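Here's the structure we're looking at; comments come further down.
The values are calculated or read from the model by the stated rules, or taken from the named source; none is laboratory data. Everything quoted here is computed from the prediction, not taken from an experiment. Here Cβ is always computed from backbone atoms with ideal geometry, including for glycine, and neighbour counts include all displayed protein chains. When the accessible area is computed, the model is the full protein with side chains, heavy atoms only, and any ligands, DNA or RNA have been set aside. Shrake-Rupley method; radii C 1.70, N 1.55, O 1.52, S 1.80 Å.
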Amino acid sequence: METVTKAFNEVVEDIKTQTVPSISKNMGILCFLLNVFLPGVGSMVAGAMESKWSTVIIGVLQLLTCWFILGWIWSIWWGWLIFSKSSDGFSPLG
């Protein structure tokens with residue numbers, strides 16, 4: 001039970017701070033496109049590449065909520081953050 005609580009807290013913290021894994025530029029583009037056309041899949045790929053399981057869980061949540069449009073918008077935003085962090089350190093958040 002403690003592991004589940006820890007994982008949940010990590011997911012919540014990553015969402016609040018918009019923490020995404022840093023991956024290569026080419027993979028950042030791919031993950032962004034995946035998140036646009038297959039909501040959450042790009043997040044899951046990026047998270048798996050960096051062993052950041054909270055990002056994988058976020059990708060699953062995006063996939064499950066994409067039917068309500070909210071998850072799709074969230075997925076696009078998260079894909080943009082992944083891409084932004086992967087390309088020369090640019091961050092739209094400063």
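At a 1.4 Å probe, what is the % contribution of carbon and sulfur to the accessible area of the chain?
Of the solvent-accessible surface of the chain, carbon and sulfur hold 72 percent.
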- 222 nm [θ] for the chain, helices only, -39500 (n - 2.57) per DSSP H run of 4+, per residue, to 500? -23000 deg cm²/dmol
- Item | Dipole magnitude (debye, nearest 20) for the chain, charges at Cβ of Lys, Arg, Asp, Glu | 140 debye
- Query: Heavy-atom accessible area per residue, the chain, 1.4 Å probe: how many Å²?
  - Reply: 60 Å²
- Would you list which lysines come within 16 Å of Lys6, measuring only between C-alpha atoms, while excluding same-chain residues fewer than 8 positions from it? Lys16, Lys52
- Query: What are the semi-axes of the equivalent ellipsoid of the chain, taken as the square roots of 5 times the eigenvalues of the Cα gyration tensor, listed largest first and rounded to whole Å?
  - Reply: 20, 16, 12
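Please work out how much length the chain gains when fully extended from Val12 to Leu38, using 0.36 nm per residue of separation minus the C-alpha to C-alpha distance, in nm with one decimal. Show your work: numbers first, answer last.
Values: separation 26, 0.36 × 26 = 9.36 nm, distance 2.25 nm.
So the extension gain works out to 7.1 nm.
Quick test of the membrane-span-like rule: which DSSP H helices of the chain reach at least 15 Å along their long axis (C-alpha atoms) with mean Kyte hydropathy at least 0.0? Working shown, then result.
Working: long enough: 2-17 (22 Å, -0.36); 25-37 (18 Å, 1.45); 53-65 (18 Å, 1.68); 70-86 (24 Å, 0.72).
Span-like helices here: 25-37, 53-65, 70-86.
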- Message: Of Thr55, Leu38, Val20, which is farthest towards the positive pole of the chain's charge dipole, taken about the Cα centre with +1 and -1 on the beta-carbons of Lys, Arg and Asp, Glu respectively?
- Response: Leu38
